[in-house]
Amino acid sequence: MTGNLEAALAQTERDARATLRSADASTKAARRLVAAALTGDINAMTKAIAETEQATAALSMQLRNTSDGWTFDAKSYAESGGLAEELKAVAAAEGLSIHEQDGRLFCYPALLRILPSDPAVEIDRKKLRSIRPSFVVARLKVLRMRPQRFRPEQFLEVLFKAYEWARKAEAGRTLRLDGRGPVIELVALFDLLTLFPDTQKDYGKLEFTRDLYLLDRSRVAETKGGASLELSASTGTKGATSKLLQIVGEDGVVKVYYGISFTGARL
């Protein structure tokens, strides 16, 4: 498919504006016809009838041109990956970075999914049917400027509770003398936090990884009870790539997470 969605929509916008101008001209002619009929000005009325007929014919032609001008197959474009690539390009021109991973797009702090069947774009699980690339990127810029809804302190407490449950549930997962807890795989905590069958529909592994990244980026690392968080990217990585959680950060650098541990007297 040649061209892109932004250009196709820009052309239809211009055509639609021309249609609107034709509609205004037709409305004005009809209003002159009403005024002439109200006063009984036969000459003005006859002239207004002709003008209204002419304006209406022009409107019909312009509307047909607008309709015929929209030939873009948005569904196929989205299915082919064209929309994702165009979003990346438009975002880059606006100073934003969009990275693709596991069929999803990450534009800090938002996760996106292209839904070709609608077609639509899903931003943080909310469907957006307005898919003009410039509009979507403008929405992403607004989301970046808004105060974060993510609460690192709350997420840290959830991780700590899941970590403690996993540690105590497995034999041998005891504390060292220095109070350091064992490293537990993050994918194991994710499975624990999403035990209910429908949970992962709303909170998948990439959402979990994004939240880990936001927590890591926030520098919040101490629980209310005084336990200190440590995220590991090296332990067990050899031959265990399926257990690695990865995401491209705001700076374009890939962040890798594998395990989690806590240190502190109150563990």
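Out of curiosity, is Leu59 surrounded by 13 or more Cβ atoms within 10 Å (Cβ to Cβ) and in contact with a strand residue (DSSP E or B) (Cβ under 8 Å, 6 or more places away or on another chain)? It is false that Leu59 is surrounded by 13 or more Cβ atoms within 10 Å (Cβ to Cβ) and in contact with a strand residue (DSSP E or B) (Cβ under 8 Å, 6 or more places away or on another chain). Going by what's in this entry, would Leu9 be described as surrounded by 14 or more Cβ atoms within 10 Å (Cβ to Cβ), under 27 Å from Arg144 (Cα atoms) and not assigned by TED's automatic domain parsing to the domain that holds Val136? Considered against the rule, which asks whether it is surrounded by 14 or more Cβ atoms within 10 Å (Cβ to Cβ), under 27 Å from Arg144 (Cα atoms) and not assigned by TED's automatic domain parsing to the domain that holds Val136, Leu9 comes out as yes. Confirm whether Arg104 is of a type in the set (D, E, K, R) and buried (at least 17 other Cβ atoms within 10 Å of the Cβ). Criteria met by Arg104. Checking the condition in the same structural domain as Lys255 (by TED's automatic domain parsing) and of a type in the set (Val, Ile, Thr), which residue from Val136, Val121, Val158 passes? On inspection, the qualifying residue turns out to be Val158. Condition first: touching a Pro at 6+ places or on another chain (Cβ under 8 Å), surrounded by 20 or more Cβ atoms within 10 Å (Cβ to Cβ) and over 20 Å from Asp202 (Cβ atoms). Can you find one or more residues in segment 119-132 that meet it? Yes; the residues of segment 119-132 include at least one that is touching a Pro at 6+ places or on another chain (Cβ under 8 Å), surrounded by 20 or more Cβ atoms within 10 Å (Cβ to Cβ) and over 20 Å from Asp202 (Cβ atoms). I'm checking my understanding of the structure. Among residues of segment 88-102 that are closer than 21 Å to Leu214 by Cβ and not aliphatic (A, V, I, L, M), which one is farthest from the chain's Cα centre (by Cα)? Checking each candidate, the answer is Gly95. Among residues of segment 1-21 that are of a type in the set (Val, Ile, Thr), those with a beta-carbon under 9 Å from a residue that is part of a loop (DSSP other than H, G, I, E, B) at least six positions away or on a different chain give the pairs Thr12/Trp70; Thr12/Phe72. Candidates Thr2, Thr19, Thr39, Thr56: the one that is at pLDDT below 95 and among the polar types (S, T, N, Q) is Thr2.
Only one entry of Ser130, Ser67, Ser117 meets the criterion of being farther than 28 Å from Glu250 by Cβ, at pLDDT 95 or above and among the hydroxyl-bearing types (Ser, Thr, Tyr), and that entry is Ser67.
Quick grid of which residues meet (1) touching a residue at least 24 places away in the same chain (Cβ under 8 Å); (2) surrounded by 14 or more Cβ atoms within 10 Å (Cβ to Cβ); (3) in a helix (DSSP H, G or I):
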position: Ala25; (1), (2), (3): yes, yes, yes
position: Ile49; (1), (2), (3): no, yes, yes
position: Gln54; (1), (2), (3): yes, no, yes
position: Ala84; (1), (2), (3): yes, yes, yes
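Segment 92-198 holds helices (runs of 4 or more DSSP H) entirely within its bounds, and those carrying 1 or more residues that are under 30 Å from Lys224 (Cα atoms) and of a type in the set (Lys, Arg) map to 133-145, 152-169.
The values are calculated or read from the model by the stated rules, or taken from the named source; none is laboratory data. Please read these numbers as outputs of a predicted model, since none were measured by experiment. Cβ: placed from backbone, ideal geometry, glycine included. Neighbour counts: every protein chain shown.
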